[in-house]
Amino acid sequence: MAICLVLLAFVSLVGNTSAESTEGGPKDDASSQLKVAYPTPDYVVKCDTTKGPFRIHVVEDWAPLGASRFREMVESGFYNDGVAFFRVVTNFLVQYGISSNVSTTEKWGKVPPLRDDVVAETPKFKRGYVSFAGGGPNSRTTQTFITFSDSTHLGHAPWETPFGYVTLLDMKNVIDKLFSGYGDMVDFGGTAPDQGRLRREGGEYIKTEFPDIDLIEKCVIARKFRAKDLIVKAEEKLGRFWSVVLVFSGAMALLALISIAARLAMKSGGQNKRD
């Protein structure tokens, strides 16, 4: 029965593949555009927040220096003392990157700013893109931002170069739900925390004066191997049809092993009864 179900699923998948390859409609175009805008990452960082976990998918070719600095920050534990989402501007961006631990802030304040990434073409900012923030040439330090929507305003300055993205699902489930009541910085008409005080006073400043702000609690490099990524890579290398064949073959092999194990168990059980 199980084998029949697998066969039916396989026939259905192959049928869908054939239909997609012959129709070539808007759905295919949209899928291709998504793959370009949100490509397979070089590594993934999982961050736990007060609103739940989300992942940053890092694409090193977009900004090699930015990607390397971000990884260095994650591996050093920069985000593990609490990092406030201190600037949350609806339909624009959410900014963060000042540690609640004053000692951590002081330590990273001594690290030279990053040089601007020089790349052939800077990707246009899409919803969920992640970039370091800067205030001029070669000025990036530890602050980063995530875009809430596609932007034509961002990305023109050489220091505004995305190094990764948050998936649309994680945007919907986590980032869109971050508390935005304090809005933008005071200079732009909001009531967000003063960055200077946040650096000097750390998390206590946030707790006492901005109690509703959400924070990153911890970030770690996610495990490299994931079955979903393997399937995606198989599709990229082999095409949809052959990736389905590969998955089907693996499923059949697994079913065969289960069947053999069941027969051996039954045989062993029968032998024990006779004994």
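What to note about this one:
- The chymotrypsin sites (Phe, Trp or Tyr not before Pro) of segment 161-228 meeting both criteria, a DSSP state outside H, G, I, E and B (loop) and at most 11 other C-beta atoms within 10 angstrom of the site's C-beta, are F225.
- Extension gain (nm, one decimal) between T40 and L168, 0.36 nm per residue minus Cα-Cα: 44.7 nm
- Within the accessible area of segment 32-99, the carbon and sulfur atoms contribute 47%, probe 1.4 Å, all protein chains present.
- Cleavage-rule hits, GluC sites (Glu not before Pro), segment 119-206, DSSP coil, Cβ neighbours within 10 Å at most 10: E121
- Residue-normalised accessible area of segment 54-131, expressed per residue, 1.4 Å probe, Å²: 44 Å²
- Overall form of segment 91-199 per C-alpha gyration tensor (a/c, 1.5; a/b vs b/c): oblate
- By accessible area, using a 1.4 Å probe on protein heavy atoms only, segment 148-229 has 54% of its surface on carbon and sulfur.
- Alpha-carbon centroid distance for the pair segment 42-87 / segment 160-187, whole angstrom: 13 Å
- Proximity of backbone amide H atoms, modeled 1.01 Å from N, is registered between Q143 and A133 at under 5 Å, excluding neighbours fewer than 5 places apart on the same chain.
- Placing a label point 7 Å from the Cα of N138 along the Cα-to-Cβ line, the residues of segment 145-176 whose backbone N sits under 14 Å from it are 159.
- Cα gyration tensor shape of segment 43-130, rounded if a/c is under 1.5, else prolate or oblate by comparing a/b with b/c: oblate
- Given K124/K172; K177/K207; K107/K172, the pairs whose alpha carbons are separated by over 27 Å: K107/K172
- For segment 81-139, the set of trypsin sites (Lys or Arg not before Pro) satisfying both a DSSP loop assignment and a count of at most 10 other C-beta atoms within 10 Å is given as K110.
The values are calculated or read from the model by the stated rules, or taken from the named source; none is laboratory data. Here the structure is a predicted model, which means the values were calculated and not measured. So basically every Cβ, Gly included, is an ideal-geometry build from the backbone, and we count neighbours across all protein chains shown. To get the accessible areas, we keep the full protein, side chains included, count just its heavy atoms, and leave off ligands, DNA and RNA. Shrake-Rupley method; radii C 1.70, N 1.55, O 1.52, S 1.80 Å.
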